[in-house]
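Read the structure below first, then the notes.
What follows draws every value from the coordinates through simple rules; no lab data is involved. From a predicted model like this one, the values you see are computed outputs, not experimental measurements. Here the Cβ positions follow ideal geometry from the backbone for every residue, glycine too, while neighbour counts run over all protein chains shown.
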Amino acid sequence: MKILVLNSGSSSVKYQLWDTPDKGVLAKGLVSRIGIDDPLHQHKVNDREIEFAPDEPINHEKAIQLLLDALVSPKHGVIARIDEIDAVGHRVVHGGEKFSDSALITPEVIEAIKECIPLAPLHNPPNLMGIIACEKVLDVPQVAIFDTAFHQTMEPYAYIYALPYEFYDEYKIRRYGFHGTSHYYVAHQAAKMLGKRIEELKIITAHLGNGASITAVKNGKCIDTSMGLTPLEGLVMGTRCGDIDPAIVLFIMEQKNIDIKATNNLLNKKSGLLGISGATNDLRDVLKASANGVYRAKLALDVYCYRIRKYIGAYTAAMGGVDVLVFTAGIGENASPIRKKAVEGLEFAGLILDDDKNNRTVGIPGDISAKDASARILVIPTNEELVIATETERIVNENLN
Ligand code: AMP
């Protein structure tokens, strides 16, 4: 089945054309600077990348038209006609409590995604724009794959905040969790790598990218995850603070006399590695500065790794043990010093690194644990697009064939 995988953001649309189940990615690309000057379209087939610069501002519909044109272009295309595309799979950030699975897009599903906009005001509207734009130019089934769906198996004691319960009833304030497709994928890959059934494993998955979250997966189901109502809670991230005392927010607003918007910006865009180091949100640069003896860079790394270690400990307790710890995403897949520091002192839980294997495993899958350790530590490159493509195929087959 030929499946167009779309990740439609506020100013960009990322795409991959998949040929499932076996042939993989035929082409991929990014249309960026949507809605502003100087839009850019980068299209990649095999290792060849072509750039187009549309001469006037574009909207989401035009962006989708551009990527479809590239896919059928006699010069850079990979299919002869648009109607070779069998279905479209959309990444949708927030499915609230309504979606614990991927869903075939219908007018009712679109309404339900709209109802989740207050929970993800920056993400769900552009996700919807992508869906609506596709409906206009393609006459094929569309499927929504939700970042929150995998976490819907959490028990109320894991997702309810200790606020007046009415806030849950009235506003649906609770822990939802994000990066669900990534946690789902690497947890299942971990079971495959170990030759075990996921139902018999206690897995902790650490998705460490510019955004970061960590999840406890017991017997194949998410039982807890670090992101909350929004993707701000939990681990330290590139520019997000993760867990802080909520009273700090009130304190800063009062002391600095800043409004909600400025405070939101401070917590989401100026905190995390950037906030502590005062220099950069890019982990590679923080590592370099720390190696050069810059105190705040070293401190940023210490705080970053200590937070991960605390969560691993907490989730080990929550699951009554741990069999596998998985590192994934930009930092988890590549940054061996972070992996080493994050698991320091966790020998009591059976998590012991083999330094050589850890240093050699950069951007590739591998088992980096010491041979005799009772738990495994794995590096698994994530592949959210693969999950979106296979989920789309499954939902289309279940609903329409
Ligand atoms: P992502 O959001 O998954 O693309 O991850 C972005 C983060 O991964 C950034 O902080 C990068 O600095 C980090 N990263 C990417 N490659 C490497 C690498 N080779 N070593 C250390 N960090 C890396």
#### Entry: Förster radius 25 Å - calculated FRET efficiency between Ala112 and Glu155, Cβ distance, rounded to 0.05
0.60
### Query
Which aspartates and glutamates have a Cα less than 15 Å from the Cα of Lys357, not counting those fewer than 8 places away in the same chain?
Glu333, Asp367, Asp372
### Message
I need the calculated FRET efficiency for the pair Asn210 and Ile36, taking r as the beta carbon distance and R₀ as 25 Å, to the nearest 0.05.
### Response
0.75
### Message
Given Cα positions, please report Rg to Rh for segment 91-224, the hydrodynamic radius being the Kirkwood one.
### Response
1.01
### Summary
CD proxy, 222 nm, the chain: helix-only mean residue ellipticity via -39,500 (n - 2.57) per DSSP H run with n ≥ 4, per residue, nearest 500, stands at -12000 deg cm²/dmol
### Query
Placing +1 at every Lys and Arg Cβ and -1 at every Asp and Glu Cβ, with all other atoms neutral, what dipole size does the chain have around its Cα centre, in debye to the nearest 20?
1200
### Message
Ignoring solvent entirely, what values of log10 I(q)/I(0) come out of the Debye formula for segment 167-288 at 0.12, 0.15, 0.19, 0.21 Å⁻¹ when each Cα is a single scatterer?
### Response
-0.56, -0.79, -1.05, -1.14
### Summary
Dimensionless Rg/Rh of the chain, both radii on Cα and Rh by Kirkwood, sits at 0.97
### Task
Return one quarter of the surface area of the convex hull spanned by the alpha-carbon atoms of segment 249-304, equal to its mean projected area, in nm².
4.0
### Query
How high is the FRET efficiency between Leu250 and Tyr165 when r is their beta carbon distance and R₀ equals 35 Å, given to the nearest 0.05?
0.95
## Note on the structure
Percent of all alpha-carbon pairs of segment 106-173 at distances over 17 Å, whole number, is 55
### Task
Report the one residue of Ala87, His179, Ile276 whose Cα lies farthest in the direction of the positive end of the charge dipole of the chain (charges on C-beta: Lys and Arg +1, Asp and Glu -1; origin at the Cα centre).
Ile276
### Task
List, in the order given, every pair from Lys221/Lys310; Lys261/Lys298; Lys288/Lys341; Lys288/Lys340 whose Cα-Cα distance in the structure shown is over 24 Å.
Lys261/Lys298
### Query
By how many degrees, between 0 and 90 and to the nearest 10, does the Cα long axis of helix 180-194 differ from the longest principal axis of the chain?
70
### Task
Return the ratio Rg/(2.2 N^0.38 Å) for segment 62-149, where Rg is computed over Cα atoms only.
1.17
### Query
Along segment 321-331, what does the Karplus equation 6.51 cos²θ - 1.76 cosθ + 1.60 (θ = phi - 60°) give for ³J(HN,Hα), rounded to whole Hz, x for Gly and Pro?
x, 9, 9, 9, 10, 10, 9, 8, 6, x, 7
#### Entry: Size of charge dipole - segment 278-401 - debye, nearest 20, with Cβ of Lys, Arg +1 and Asp, Glu -1, no other charges
640
### Task
Apply the Karplus parameterisation 6.51 cos²θ - 1.76 cosθ + 1.60, with θ equal to phi minus 60°, to every residue of segment 235-252 and state each ³J(HN,Hα) to the nearest whole Hz, in sequence, with x for glycine and proline.
5, 6, 10, x, 10, 9, 6, x, 4, 9, 5, x, 5, 4, 4, 5, 4, 5
### Task
Using a Gaussian network model of the chain whose springs link C-alpha atoms within less than 10 Å, name the residue from His188, His151, His76 with the highest mean-square fluctuation.
His76
### Message
As I understand it, the dipole of the chain uses +1 on the Cβ of Lys and Arg and -1 on the Cβ of Asp and Glu, about the Cα centre. Which of Val249, Ala297, Gln142 lies farthest toward its positive end?
### Response
Ala297
### Query
From the backbone phi of segment 333-344, what are the Karplus-calculated ³J(HN,Hα) couplings (6.51 cos²θ - 1.76 cosθ + 1.60, θ = phi - 60°) in whole Hz, Gly and Pro given as x?
7, 10, 8, 4, x, 5, 4, 4, 5, 5, 9, 4
### Query
What's the angle, to the nearest 10 degrees (0 to 90), between helix 295-319's Cα axis and the longest principal axis of the chain?
90
### Task
Report the residue, chosen from Gly293, Gly350, Gly130, that carries the largest GNM mean-square fluctuation when the chain is represented by alpha-carbon nodes joined by springs under 10 Å.
Gly293
### Message
Quick query: amide H of Leu26 versus all other amide H atoms, modeled in the peptide plane; which residues come in under 5 Å with a sequence gap of 5 or more or a different chain?
### Response
Leu17, Trp18, Asp19
#### Entry: Nearby lysines by direct alpha-carbon distance to Lys44 (threshold 29 angstrom, same-chain neighbours under 8 apart not counted)
Lys2, Lys14, Lys23, Lys28, Lys62, Lys75, Lys136
### Query
According to a simple spin-label model (label point 7 Å from Cα along Cα-to-Cβ), what is the distance in nm between Lys172 and Leu104?
2.3
### Task
Any chance you could give the angle, 0 to 90 degrees and rounded to 10, that helix 384-400 forms with the longest Cα principal axis of the chain?
50
### Query
So for segment 10-134, what percent of the C-alpha to C-alpha distances run longer than 25 Å?
30
